[in-house]
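See below for the structure under consideration.
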Amino acid sequence: SRKKKLQPDEVKGGTFTLTNHGVSGSLFAFPVINQPQAGILGVGAMQKRVVVIPAKDGTSDDAIAIRPMVYMSFVFDHRILDGASADWFLAKVKDTLETWV
C-alpha cells in the first residue's frame, strides 16, 4: 500500500480496517468503509496538548499536564453493528490506550 500498488484482491475478505491518516500530519478524517467490512478506525496525528488531570481523591486539586493526544474516528456499518456496541468499542480502545503499561 505504501507503494500505491495495492490491488482490490489483496484486501478482500477483511472485516475491519485500521487506517493511520495521521502519518501525513492530519488530525481529523472521516474514513470510508471498505465494503463489505463492518468498520474502519481512523487515527490522526499524535500531538502534545495541555490537559487537565483530575484529582484522584475527588478534591479540587486538579493538575495541568502535557500529554500526547490523538483523535480517532470510527465509521461502522449500522446494519451490522449497533451504535451502542460501536460506542463501547471506541471507549474500550480509548481506555486501553490511556492505561497502557
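Throughout, read-outs are computed from the coordinates displayed, never taken from laboratory work. Owing to the predicted nature of the structure, the values given are computational and were not obtained by experimental measurement. Positions of Cβ are generated from backbone atoms using ideal geometry, with glycine treated the same way; all protein chains shown enter the neighbour counts.
Here's the yes/no breakdown for (1) within 11 Å of the chain's Cα centre (by Cα); (2) closer than 23 Å to Trp100 by Cβ; (3) part of a loop (DSSP other than H, G, I, E, B):
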site: Gly14; (1), (2), (3): no, no, yes
site: Gln35; (1), (2), (3): no, no, yes
site: Gly42; (1), (2), (3): yes, yes, no
site: Val51; (1), (2), (3): no, yes, no
site: Ala55; (1), (2), (3): no, yes, yes
site: Gly58; (1), (2), (3): no, no, yes
site: Asp61; (1), (2), (3): no, no, yes
site: Ile66; (1), (2), (3): no, yes, no
site: Val75; (1), (2), (3): yes, no, no
*asked:* Among the residues of the stretch 8-30, are any touching a helix residue (DSSP H, G or I) at 6+ places or on another chain (Cβ under 8 Å) and surrounded by 10 or more Cβ atoms within 10 Å (Cβ to Cβ)?
replied: yes
*Only one of Ile33, Ile66 that is touching a residue at least 12 places away in the same chain (Cβ under 8 Å) and exposed (fewer than 10 other Cβ atoms within 10 Å of the Cβ)*: Ile66
*Cross-chain or 6+ apart pairs with Cβ under 6 Å, the stretch 1-25 first and of a type in the set (Gly, Ala, Ser), then assigned to a loop (DSSP other than H, G, I, E, B)*: Gly14/Gln37; Gly22/Gly44; Gly22/Ala45; Gly25/Ala45
